[in-house]
There are 2 protein chains.
Amino acid sequence: MKLYNYFRSSASWRVRIGLAMKGLDYDYIPIHLAKNEQFAEPFANQQVSHLVPALVLDDGRWLSQSMAILEYLDETHPEPPLLPRDPVARAQVRALAQDIGCDIHPVNNLRVLRYLKNDLGHPQDEVDRWYRHWVATGLAIVEQRLAGTAGQFGFGDTPGLADCLLVPQVYNAQRFDCPLEAYPTVMRVNAACLALPAFANTHPSVCPDAA
Amino acid sequence: MKLYNYFRSSASWRVRIGLAMKGLDYDYIPIHLAKNEQFAEPFANQQVSHLVPALVLDDGRWLSQSMAILEYLDETHPEPPLLPRDPVARAQVRALAQDIGCDIHPVNNLRVLRYLKNDLGHPQDEVDRWYRHWVATGLAIVEQRLAGTAGQFGFGDTPGLADCLLVPQVYNAQRFDCPLEAYPTVMRVNAACLALPAFANTHPSVCPDAA
């Protein structure tokens, strides 16, 4: 498999974590978003959204959307599982993942920040305030949800899908100097994850394309 | 089961479609977003995100996030399936759903539009332009993806998860007068879905709380 991704992209990191948890090897193909490589061929032609990550299977088929890719990895390589077995528990884990993957990240994605700055003319400090507002709103929700689900990790004592999204989101928040002391459970889970090789060894700072 | 939802909320409609496809009965509990009922008890205390929909199971447990709820319905009531059986096909359907559920809808959600207007001071015409920009960007991607997946419906000739998201998104786009002629496959699939009872009988216009 090949993973088209970018070291700092949190959606990319989610998939790197999932691949590492499953013990799967892949070719790391960097797409430098700040240099607009997402609009260059061959990536742009295959990944019509111009978003990373994209996972290319050995038969050449392209998969997109990080949460869909993680579910694919879980279905095709069931051990260790990214989701619990009970349907309600699975729904809770997926909801946690989507609290981040739908309600925090897309609103703060690079293309949205660029639109605020370039099309709507907001100065950087207003763009940063926007970013921090949605992180604060979203992590407050995640913190409350974790009160009902967290053990050592986001759902119980086994790392899984929710953690694949939580850790990259915290990394992003830290990059944008978001205050995080109001989310002690989020930060405790984050620290527990980062102690695991699947998270530590895929951290943006150790990626081949890290600046 | 009880479904807390709002007739015009596209995320709510997704779940109404799923429940109807599975032939499941539920109590319809309206939460009027424009009247800020999402911040009132008992909803606000249980649904910490203050977002609709929420599905309350017969044992009293609350499920949130429309795509997580749809997966739950599919796992607990497998027929008719919302997802195909092949893992790659499942990933493609989920990616289509997330192209809408992650990359279009959250950026145009009510709370984001309110922030643009109330916090950043944009007049309504700029808010509308924002809305149409992300619909145009997102549906262009969906249109291209459908070229590889669509039959009569979004993925092949069986309605499923992707359609549960596509139809409410088109409805939203029409409400905001977004031009849609550039997305003929999207509109063809939308029309095919609306001919089915699961879609027609859950349409916002026939909901109990429709204005």
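General remarks:
- Nearest-first distances (nm) between copies at B:Glu75, label 7 Å from Cα via Cβ: 1.3
- Within the shell of other residues whose beta carbon sits under 12 angstrom from the beta carbon of A:Gln124, the net charge comes to 0, with Lys and Arg scored +1 and Asp and Glu -1.
- Mean Kyte hydropathy of -1.0 or more with a Cα span along the axis of at least 18 Å, helices from DSSP in chain A: A:87-101, A:124-149, A:161-175
- Of B:Val112, B:Val142, B:Val186, the residue with the greatest mean-square motion in the GNM of chain B, using alpha carbon springs below 10 Å, is B:Val112.
- Two-site label geometry, B:Gln152 and B:Leu57: point separation in nm, points 7 Å out along Cα→Cβ: 3.4 nm
- Exposure of A:Leu110 as accessible area (Å², to 10), given a probe of 1.4 Å and all protein chains: 60 Å²
- Placing a label point 7 Å from Cα along the Cα-to-Cβ axis, B:Ala200 is separated from the same position in the other copies by 6.1 nm, shortest listed first.
- Spherically averaged projected area of the convex hull of Cα atoms, the range B:100-181: 5.4 nm².
- Within chain B: Cβ-based charge dipole about Cα centre, in debye rounded to nearest 20 (Lys, Arg +1; Asp, Glu -1): 220 debye
- Think of a 1.4 Å ball rolled over the protein heavy atoms: the range A:56-192 then has 38 Å² of accessible area per residue.
- With all projection directions averaged, the alpha carbon convex hull of chain A covers 11.5 nm².
- Exam field: A:Thr158 pseudo-label spacings to other copies (7 Å along Cα-Cβ), nanometres: 2.8
- Taking a straight line from the alpha carbon of A:Lys22, these lysines sit under 23 Å away, with near neighbours fewer than eight places off in the same chain left out: A:Lys2.
The values are calculated or read from the model by the stated rules, or taken from the named source; none is laboratory data. Quantities reported herein were computed from a predicted structural model and do not represent experimental measurements. Positions of Cβ are generated from backbone atoms using ideal geometry, with glycine treated the same way; all protein chains shown enter the neighbour counts. In case anyone asks, the SASA skips ligands and DNA or RNA and just uses the protein heavy atoms, side chains included. Shrake-Rupley method; radii C 1.70, N 1.55, O 1.52, S 1.80 Å.
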